[in-house]
Amino acid sequence: MASLVRPLAGGGFMLPAASRSRGLRSGLCSKARRPGVVGTTKTSTSDRWQLVSIDEDRVVINTGGDGASVSVEKLRAIADAAADRVEMHDIIGRQRDNWNQLLLHSTNSLALAASLMAALAPASTSLIALKVSAGVLLATSAVAMAAVNKIQPSQLAEEQRNATRLWRELERDLSATLAASPTATRNCDVHATMERVLALDAAYPLPLLPIVLEKFPKDVEPARWWTRKKPEGRHSPCKKPCCNGSHGARQASMAGDNGWSRELEDEMKGIVRVLRAKDEQEYLSFGKLALRLNRGLAVAGPALAGTAAMAAAFIGSGDAGTSWASDAAVVGGALAAAVNTVEHGGQVGMVFELCRNVAGLYRKIQDDIEDVLSEADVERRENGEVFETRVALRLGRSPSDLKQFSEMASPLFRDEDIKDFAGKLF
């Protein structure tokens with residue numbers, strides 16, 4: 001009979017009409033032969049009494065899990081929204097990568113065609129036509145370069161690629177949570193997931209305007225797409241129940257508690273110190289260098305194209321002026337195309353965004369470790385061995401490699417003495 005029972009979304013079970021008579025004869029409810037009669041029964045998996053209602057077609061058993069059912073449905077709605085965000089960010093990322101390729105070739109074609117016209121104009125019988133055409137194309141190229149440099153399509157595409165990865169990660173986490181223990185879902189889980197969704201939306205917005213991320217910030221900071229875990233009160237419903245009984249809260253200094261030991265804590269503290277002093281700073285330094293280069297190229301390209309456009313206006317104005325004006329227009333247009341190719345063909349904006357994202361990844365690992373270590377009661381932490389493996393995989397190392405960082409947790413160990421990087425994945 002158990003195989004005929006089907007779970008309902010509302011936390012109940014339904015017995016099909018075809019099996020109703022057989023189920024009733026098995027003793028499910030002694031009064032089930034009359035429609036509308038209500039009886040009670042007690043299951044082996046729960047100590048609470050359940051309400052059984054019988055009608056003409058089905059038997060419905062209400063497990064009393066309305067609160068958990070609502071939370072599960074909310075998480076399913078968030079999972080559906082995350083899957084939708086994955087598709088949207090993936091589509092927009094590919095679209096903006098196409099922008100980068102198309103705009104790069106278009107502006108370069110304009111600048112090079114104008115340079116060719118400017119070179120042919122002095123010796124041509126169609127001087128005025130070539131002169132005007134070269135000036136118009138160079139001016140158009142300058143405006144197009146300025147607009148493209150403002151929005152940085154390669155950087156936009158990298159933002160969307162990273163957002164796609166993070167939304168996929170959220171979708172996987174929700175699927176695992178719903179598959180593992182849907183009845184243990186609480187309202188605080190829904191609230192934490194919603195905060196994660198809003199943080200991702202703020203970090204990687206979908207619209208191009210008006211909330212586009214700053215492409216040339218004054219200060220280079222790691223990308224941030226998460227929220228710090230808030231401290232939970234003593235009687236918070238989201239706080240995990242303590243399993244220590246009458247012994248009170250056992251501290252992490254006691255070896256073997258939930259996979260945690262003093263040595264493991266020192267490893268984690270040493271990793272945080274190395275990540276902050278070496279890995280994060282390394283990528284922030286690369287990001288600053290890429291930003292300076294990108295800023296210089298973004299100014300030089302339109303400036304060269306604009307200068308060439310003005311020089312094209314003086315072609316044929318005199319015997320002495322014809323030569324320098326034509327040469328300036330040709331050289332300016334060619335240099336503008338070269339600068340534009342280095343900036344967008346080399347995707348300098350994407351390199352800057354990649355540095356921010358990697359620095360943000362290392363900052364998130366630091367925050368995750370600090371959040372876990374801030375919980376004094378090790379029974380309320382994630383299992384220490386599992387957490388160590390998770391951190392090692394995110395750093396591209398094996399768990400045994402992390403033991404070398406325990407000595408770096410000591411305040412006697414200076415930052416200048418740190419030679420190795422914590423991360424090997426990037």
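Of 208, 198, 174, which residue is more than 11 Å from the chain's Cα centre (by Cα) and closer than 15 Å to residue 224 by Cβ?
198
This table checks each residue for (1) closer than 15 Å to residue 119 by Cα; (2) modelled with pLDDT of 95 or more.
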{"site": "300", "(1), (2)": "no, yes"}
{"site": "304", "(1), (2)": "no, yes"}
{"site": "313", "(1), (2)": "yes, no"}
{"site": "318", "(1), (2)": "no, no"}
{"site": "323", "(1), (2)": "yes, no"}
{"site": "326", "(1), (2)": "yes, no"}
{"site": "333", "(1), (2)": "yes, yes"}
{"site": "336", "(1), (2)": "no, yes"}
{"site": "341", "(1), (2)": "no, yes"}
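Of all residues in the range 117-134, which are closer than 18 Å to residue 310 by Cβ and either assigned to a helix (DSSP H, G or I) or acidic (Asp, Glu) (or both)?
Residues satisfying the conditions are 117, 118, 119, 127, 128, 130, 131, 132, 133, 134.
Just the residues that are open to solvent by 20 Å² or more (accessible area, probe 1.4 Å) and either outside any helix (DSSP H, G or I) or closer than 14 Å to residue 425 by Cα (or both), please, taken from the range 353-380.
Correct list: 354, 361, 374, 375, 376.
Going by the structure shown, is residue 71 within 24 Å of residue 347 (Cβ to Cβ) and surrounded by 15 or more Cβ atoms within 10 Å (Cβ to Cβ)?
no
With open to solvent by less than 40 Å² (accessible area, probe 1.4 Å) and in contact (Cβ under 8 Å) with a residue 12 or more places away in the chain as the only criterion, which of 133, 154 stands out?
Residue meeting the stated conditions: 154.
Please determine, by comparing only the residues of the range 388-426 that are among the aliphatic types (A, V, I, L, M) and surrounded by fewer than 16 Cβ atoms within 10 Å (Cβ to Cβ), which one is modelled with the highest pLDDT.
The residue in question is 393.
One residue is enough: does the range 323-337 have a residue meeting the conditions buried (at least 20 other Cβ atoms within 10 Å of the Cβ) and at positive phi?
So far as the range 323-337 goes, no, none of its residues is buried (at least 20 other Cβ atoms within 10 Å of the Cβ) and at positive phi.
Conditions: (1) open to solvent by less than 60 Å² (accessible area, probe 1.4 Å); (2) more than 30 Å from residue 152 (Cα to Cα). Residue 385 meets all but one. Number of the miss?
Answer for residue 385: the failing condition is (1).
If you check residue 298 against the conditions, is it over 21 Å from residue 133 (Cα atoms), of a type in the set (A, V, I, L, M) and crowded, with 20+ Cβ neighbours inside 10 Å? Break it down into steps so the answer makes sense when it comes.
Details: over 21 Å from residue 133 (Cα atoms): yes; of a type in the set (A, V, I, L, M): yes; crowded, with 20+ Cβ neighbours inside 10 Å: yes.
Yes, satisfied.
The values are calculated or read from the model by the stated rules, or taken from the named source; none is laboratory data. Because the structure is predicted, anything quoted here is derived from the model rather than measured. Glycine also receives a Cβ, built like all others from the backbone with ideal geometry; neighbour counts cover every protein chain displayed. SASA here: full protein model, heavy atoms, side chains in, ligands and nucleic acids out. Shrake-Rupley method; radii C 1.70, N 1.55, O 1.52, S 1.80 Å.
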